[in-house]
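The values are calculated or read from the model by the stated rules, or taken from the named source; none is laboratory data. All figures in this text were calculated on a predicted structure; none of them were measured in a lab. So basically every Cβ, Gly included, is an ideal-geometry build from the backbone, and we count neighbours across all protein chains shown. Accessible surface is based on the protein model in full, side chains and every heavy atom, while ligands, DNA and RNA are left aside. Shrake-Rupley method; radii C 1.70, N 1.55, O 1.52, S 1.80 Å.
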Amino acid sequence: MRTVRLSQLSVNAEAEVQDLAGPPQFRNRLFSLGITPRSRLVLVRRMPLGGPLEIEVRGTRLAIRRHDADRVWVSVVG
Amino acid sequence: MRVALVGNPNVGKTTLFNALTGAHQEVANWPGTTVEYIIGKVRSGAAGDLIELVDLPGTYALTAYARDELVTRNFLLYEPYDAVIVVVNAASLERNLFLALEVLELTPRVVVALNMVDVAEDQGITVDAAALSRRLGVPVVPTVAARGVGLTELVAWMERIGGREVVPINTWVVPYPEELREVLDPLASQLAAAAPGPGIALGAGDTRARGLTASPVVAGAQPAAGVGRFRPEWMALRLLQGDEEVTREVRVIPQGQAAVQLALSCCAQQAGVQVELGNQALALEPAVLERLRAQHEEFEMRIADAKYNHIANLLADCVRRDPLAKQTFSERLDKVLLHRFWGYPAMAVVFFAAFWLSFVASAPLSDWVGNGMGWLGQLVAKGLAAVGAPTYVQSLTVDGVFAGVGAVLSFVPYMAIFFAIYQLLQDSGYMARASVLVDRLMQGIGLHGKGFFALVSAYGCNVPAMAATRVMENHRDRLLANLVIPFIPCNARLGVMAVMTAAFFPGTRGAFVMMALILISLGVVAGSAMLYRRTVLPTDPAPLLIELPSYHVPSMRNILIPTWHRVWMFISRIWMFLIWATLLTWALTYFPMGAPVGQSYAAQVGHWLESVGRWYGFDWRLMIAILFGFVAKETTLSTLGVLYGAGTDGSLGHLLTQAMTPLVAFTYLVVYMLYVPCLSTVIQMRRESGSWRWTAAGIIVNVAVAFGLGLLLERVGMVFGLQI
Ligand SMILES: Nc1nc2c(ncn2[C@@H]2O[C@H](COP(=O)(O)OP(=O)(O)OP(=O)(O)O)[C@@H](O)[C@H]2O)c(=O)[nH]1
Ligand SMILES: [Mg+2]
């Protein structure tokens, strides 16, 4: 199993969240949005011009900035 | 009976609220914040009009982190209510139930509204509401708020739950794993021992001091929940998660100190820290505190994890998913609207249409209102003349009172159209996507992606643009946007600029001059935003973590009701200021009685201001126009017309070109474009920033930049002997 930053995941790849870094406020926000360790997510698309990433997690679509996504470590599934 | 509506953003709370209450609503305001909540009375049902419904801002959790989420949290913690309706989106239950569990831990007086079952169905998701209700221990009512489905049942449940018919639920709500229970159980019994009775009171009962209570609880019944009384289990969870507010409050209740220490020592133990926890645990070394903090977070994560595990179990029993072959409508639309190339042109088209409709298409309406008022004024003046009223009374009526009322009312058409479109873009789900598309660019100058629409719409009118900054949840991001918005020339300013440009720079040169002006304003916006970020607001824009909801066709009612509220709020706040200001300008130009304009008080003020204007080559008339433009920029052209003695024949342009050089005119345009737009903007800025100090600072910077840059241009131009 390969562990990478969420920002490095390729489009349409499914991954499992391993670890979350960053300030408490940020992590807490991720928890309440459903991004917790062991949750599954899919990278849906990267917005153009280095913009945020769109991910699907727990049945909802979220946008997250790339440098925030750097703080989320995921392992690619399958 | 008072019932609160809570739920994630965009799940349909307001739709439900509007469907239940109709037009019987009032907007209340939280002191110190700009977030509103709305109160309405439920009209249907047996004892229908006894239910008071409160629509709270959308939230993902009940933690105390984000400032605006605090509105919902504070309401649920400290305000009186009899029941809570947790609205969840049936199509994304997994995430939505997280908040539902958090609320259930706080109070069992919950009715779950399983909304958007139609959307779920389209996505092949079937939810067994009865099973979910059994598992959660509270009623679950399937609804389609947009079509009014399920409302009767919801009201019936509200009445029963609010009327005390509550089945007590499992103490811990969520089956927390053994290792968490080992910590939680002793903590909860410690807390239970600390305060026997129905719950533990926090905040010393000073609920009034926290705001709200706009209207008294109906029917005189003692409300059942909220008001700062909590179950020990809930408090144990909060203490373990290191909730600062709760910890602070628990400390002051009898024996609370002991509970706080117990929580801390649990953390210390788990973190492997050896500390002696005296009465003042706060005096610990930073390094140790850091580790305790990390342990609190660890607990927080494990608690969240346990909730999601519980939810996964619930859903396994209650939700059936039929895999869909075809893509959902939202996915197909996003293929275009979020396309790496087509996304931007599409956004330009949407925003241009929004802009055009609100500020260009509405112009005739505004004119009609203005002309109508003028006509009415003339009519009244004629009447007054007929009964022999003195001339100054006639002038006061026409140029003072009616002009003032006209100034207020001419705002209404584009405010109404703008807010309606704004609401449409929000509700449909497009605004979230547009914010995401431009976030990177906005970040480059220190602004938040969600502020983009506000900045774009500032070209129409700064006032509603400031109101539109409210989508940003972070206070600093909002403040920054409000500080830079006045640098963006609004419709009224652009109009004046166009007339002057046409007079001084005929033909193609005019287009270039206009373009140069716009570029200057863009530069000033970007520069000042970056400067504010570096100096007084030194943080990055708040993380952009937003949901991209499925697209919806918003309902008419959902658009009209908030539009009406916003327009009304604007009018009711602004009219006094505008009318007084108009009366003042009238008096200044009219008195001393019988004197020509050149000797009026206004002219005297202008001559006095000319000492500043001389630096720029502005004569007293231009200075007066700048000053009076503050009341409403729309009046600038007519002020200049009066001062230069131009008739209505369009000779103003000619007169202006004789009065100054193109360089002076260009300088004037720059100053005019940048300096504080108008009184209404200042009032709106005060309202959005919540502080007179920030408002004053913003205006001082604004005026300084406008005049500073003007001077610079003038001097540089002189040096180069520029004749543009
Ligand atoms: N298809 C469908 N659409 C709905 C339903 N309920 C609400 N909507 C739509 O969903 C969108 C969002 O609804 P709102 O009522 O504004 O959501 P909210 O929960 O008040 O959102 P916030 O105030 O941002 O937290 C609107 O466009 C509604 O028309 C429903 O049951 N079915
Ligand atoms: Mg709402």
B:VAL141 versus (1) assigned to a helix (DSSP H, G or I); (2) within 15 Å of ligand 1 (Cβ to nearest atom): which is the lone unmet condition?
(1)
What is the one condition in (1) charged (D, E, K, R); (2) modelled with pLDDT of 85 or more; (3) more than 19 Å from the chain's Cα centre (by Cα) that B:GLU547 does not satisfy?
(3)
Residue ID - nearest to B:THR657 (Cα to Cα), chosen from residues in segment B:527-556 that are outside any helix (DSSP H, G or I) and hydroxyl-bearing (Ser, Thr, Tyr):
B:THR535
Every listed condition ((1) outside any loop (DSSP other than H, G, I, E, B); (2) facing chain B (nearest Cβ under 8 Å)) holds for A:GLY51 save (1)
With respect to B:VAL553, determine if the residue is within 30 Å of A:ILE55 (Cα to Cα), hydrophobic (A, V, I, L, M, F, W, C) and surrounded by fewer than 19 Cβ atoms within 10 Å (Cβ to Cβ).
yes
Looking for something in a helix (DSSP H, G or I), surrounded by fewer than 15 Cβ atoms within 10 Å (Cβ to Cβ), at pLDDT below 85 and assigned by TED's automatic domain parsing to the domain that holds B:TYR668 - is there at least one such residue anywhere in segment B:513-526?
yes
Those residues of segment A:21-48 which are more than 8 Å from every other protein chain (Cβ to nearest Cβ), open to solvent by less than 40 Å² (accessible area, probe 1.4 Å) and among the hydrophobic types (A, V, I, L, M, F, W, C) amount to A:ILE35, A:LEU41, A:LEU43, A:VAL44
Could you please let me know if B:MET431 is outside the structural domain of B:ALA146 (by TED's automatic domain parsing) and open to solvent by 10 Å² or more (accessible area, probe 1.4 Å)?
yes
Looking at segment B:87-106, can you tell me whether even one residue there is part of a helix (DSSP H, G or I), within 13 Å of ligand 1 (Cβ to nearest atom) and open to solvent by 10 Å² or more (accessible area, probe 1.4 Å)?
yes
Residue list for segment B:143-173, restricted to those being modelled with pLDDT of 90 or more and not assigned by TED's automatic domain parsing to the domain that holds B:LEU16:
none
Selection status of A:ALA63, among the small types (Gly, Ala, Ser) and in contact with a helix residue (DSSP H, G or I) (Cβ under 8 Å, 6 or more places away or on another chain):
yes
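Residue-by-condition table, conditions (1) open to solvent by 20 Å² or more (accessible area, probe 1.4 Å); (2) free of Cβ contacts under 8 Å to residues at least 60 places away in the same chain:
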residue: B:ALA294; (1), (2): yes, yes
residue: B:MET301; (1), (2): yes, yes
residue: B:LYS307; (1), (2): no, no
residue: B:CYS318; (1), (2): no, no
residue: B:LEU324; (1), (2): yes, no
residue: B:GLN327; (1), (2): yes, yes
residue: B:LEU333; (1), (2): yes, no
Checking B:GLU473 against (1) open to solvent by 10 Å² or more (accessible area, probe 1.4 Å); (2) in a loop (DSSP other than H, G, I, E, B); (3) closer than 19 Å to B:SER366 by Cβ; (4) not hydroxyl-bearing (Ser, Thr, Tyr), the condition it does not meet
(3)
Helices (runs of 4 or more DSSP H) wholly inside segment B:611-724 containing at least 1 residues that are open to solvent by 50 Å² or more (accessible area, probe 1.4 Å) and at negative phi:
B:620-629, B:636-643, B:652-659, B:679-689, B:692-719
Scanning segment B:449-460 residue by residue, those more than 10 Å from chain A (Cβ to nearest Cβ) and open to solvent by less than 10 Å² (accessible area, probe 1.4 Å) turn out to be B:GLY451, B:ALA454, B:SER457, B:ALA458, B:GLY460
Any residue that is at pLDDT 85 or above, away from ligand 1 (no atom under 12 Å from the Cβ) and in a helix (DSSP H, G or I) - is there at least one of those in segment B:36-58?
no
Out of all the residues in segment A:51-62, which are of a type outside the set (D, E, K, R) and open to solvent by less than 30 Å² (accessible area, probe 1.4 Å)?
A:GLY51, A:PRO52, A:LEU53, A:ILE55, A:VAL57, A:THR60, A:LEU62
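A quick yes/no check of all residues on (1) within 20 Å of B:ARG478 (Cβ to Cβ); (2) touching a strand residue (DSSP E or B) at 6+ places or on another chain (Cβ under 8 Å):
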position: B:GLY523; (1), (2): no, no
position: B:ALA526; (1), (2): yes, no
position: B:ARG534; (1), (2): yes, no
position: B:ALA542; (1), (2): yes, no
position: B:LEU548; (1), (2): no, yes
position: B:HIS552; (1), (2): no, no
position: B:TRP564; (1), (2): no, no
position: B:TRP575; (1), (2): no, no
Those residues that are modelled with pLDDT of 90 or more, under 30 Å from B:TRP172 (Cβ atoms) and within 13 Å of chain A (Cβ to nearest Cβ), I need them from segment B:315-341; list them, please.
B:LEU315, B:VAL319
Need pairs with beta-carbon distance below 6 Å; first residue at the interface with chain B (Cβ under 7 Å from one of its Cβ atoms) and within segment A:57-76, second open to solvent by 10 Å² or more (accessible area, probe 1.4 Å); sequence gap 6+ or separate chains.
A:ARG58/B:GLU94; A:GLY59/B:GLU94; A:THR60/B:GLU547; A:LEU62/B:GLU547; A:ALA63/B:ILE546; A:ASP68/B:PRO543
Please find, among B:GLY444, B:GLY507, the residue that is open to solvent by 20 Å² or more (accessible area, probe 1.4 Å) and on the phi > 0 side of the Ramachandran plot.
B:GLY507
Of the conditions (1) open to solvent by less than 40 Å² (accessible area, probe 1.4 Å); (2) of a type outside the set (D, E, K, R); (3) under 25 Å from B:ALA316 (Cα atoms), A:VAL77 clears all except one; give me its number.
(1)
Just need a number here: residues in segment A:1-23 that are within 21 Å of B:ASP305 (Cα to Cα) and of a type in the set (Val, Ile, Thr).
2
Are any of the residues in segment B:578-590 assigned to a loop (DSSP other than H, G, I, E, B), in contact (Cβ under 8 Å) with a residue 12 or more places away in the chain and open to solvent by less than 60 Å² (accessible area, probe 1.4 Å)?
no
